[in-house]
1. Distance in nm between label sites at Glu25 and Gln193, each 7 Å beyond Cα in the beta-carbon direction?
2. Considering the options Ala64, Gly146, Leu109, tell which one lies farthest towards the positive end of the dipole of the chain, charges being +1 on Lys and Arg and -1 on Asp and Glu at the Cβ, about the Cα centre.
3. At q = 0.18, 0.30, 0.31 Å⁻¹, what base-10 log of I(q)/I(0) does the Debye formula yield for the stretch 182-238 when every alpha carbon is treated as an equal point scatterer in vacuo?
4. Which one of His90, His204, His128 has the biggest mean-square fluctuation once the chain is modelled by GNM with Cα springs under 10 Å?
5. Cut-off 10 angstrom, C-alpha nodes, Gaussian network model of the chain. Which of Met123, Met85, Met113 fluctuates the most?
6. GNM, the chain, Cα, under 10 Å: largest mean-square fluctuation among Leu171, Leu219, Leu228?
7. Which value, in Å³ per residue, describes the convex hull spanned by the Cα atoms of the stretch 110-238?
8. On full extension of the chain, what length is gained from Ala94 through Asp7, given 0.36 nm per residue of separation minus the C-alpha to C-alpha distance?
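What follows draws every value from the coordinates through simple rules; no lab data is involved. The model shown is predicted, which means the values in this text are computed figures rather than measured ones. We place every Cβ from the backbone using ideal geometry, glycine too, and count neighbours over all the protein chains shown.
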Amino acid sequence: MNAVNVDQAELTKFSSLAHRWWDVEGEFAPLHAINPLRLDWIDGIAPLSGRRVLDVGCGGGILADAMARKGADVLGIDLAEKSLMVAQLHALEAETPRIAYRQVAAEALADEMPGQFDVATCMEMLEHVPDPASIVRACAQLVRPGGWVFFSTINRNPKSFLLAIVGAEYLLGLVPRGTHEYARLLRPSELSQYGRDAGLDAQHSRGLEYNPLTGRYRLSGDTSVNYLLAARRPLAGT
Ligand code: SAH
């Protein structure tokens, strides 16, 4: 692994679109569309109000901002400076309470603030890093015993290739071409294994389905394309 677990080309890709983070009809429209779904799912499993929450790979802060509005004390981290500036600016303009952003790697923050969060979220990010297992380990270290870690990413199989890459990028134009690379997609079994290796217990998963006819997303039991996983760090001694 390189000293910092990052692919510069990925950061450049997101930085070049940074001014578009809060355009609900722009390149990040799908993230805005799925945000209420993932927010409610997280809040249903680990009620956010009054909790210390870390959002890893926060981008422009779409989820981080919404979690702060639910009453959480949120730190958003990313390595793309421009995105963090946009996130910060949005928080100032929207007067979002209890939110802070920092440019720091998850692994470095895990050394600095181990066990200091009740909840960590890492959404649509693992498929953009060279060593996803290292991010999972960092998230596991960052939450306290009994704390929750939430991931979302894209499954790797012929159907997800057709829907998430060919369909979403080339046919429907939902996300920019080249956003996702097939080899970096992660099967739920692989993600759960990374979690187990890091001492996390996978407890819940949901699929995230897009209906091209209605243009709407919904949570479902079908994890074959986009999915979310909730894992818990066991309480000490259990
Ligand atoms: N989590 C946000 C944004 C997802 S886009 C959301 O779901 O709304 C993926 C984000 O991961 C981008 O902001 C990108 O800059 C960030 N990213 C990519 N590699 C990273 C790394 N190694 N460390 C931290 N963030 C990274």
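1. Computed distance between label sites Glu25 and Gln193 equals 4.5 nm.
2. Among Ala64, Gly146, Leu109, the one farthest towards the positive end of the dipole of the chain is Gly146.
3. The Debye formula, applied to the Cα set alone, gives -0.69, -1.17, -1.20.
4. His204
5. Greatest mean-square fluctuation among the candidates belongs to Met113.
6. With Cα springs under 10 Å in the chain, the top fluctuation among Leu171, Leu219, Leu228 is at Leu171.
7. Hull volume over Cα atoms, normalised by residue count, gives 108 Å³.
8. Numbers: separation 87, 0.36 × 87 = 31.32 nm, distance 3.12 nm.
That pair, Ala94 and Asp7, stretches by 28.2 nm at full extension.
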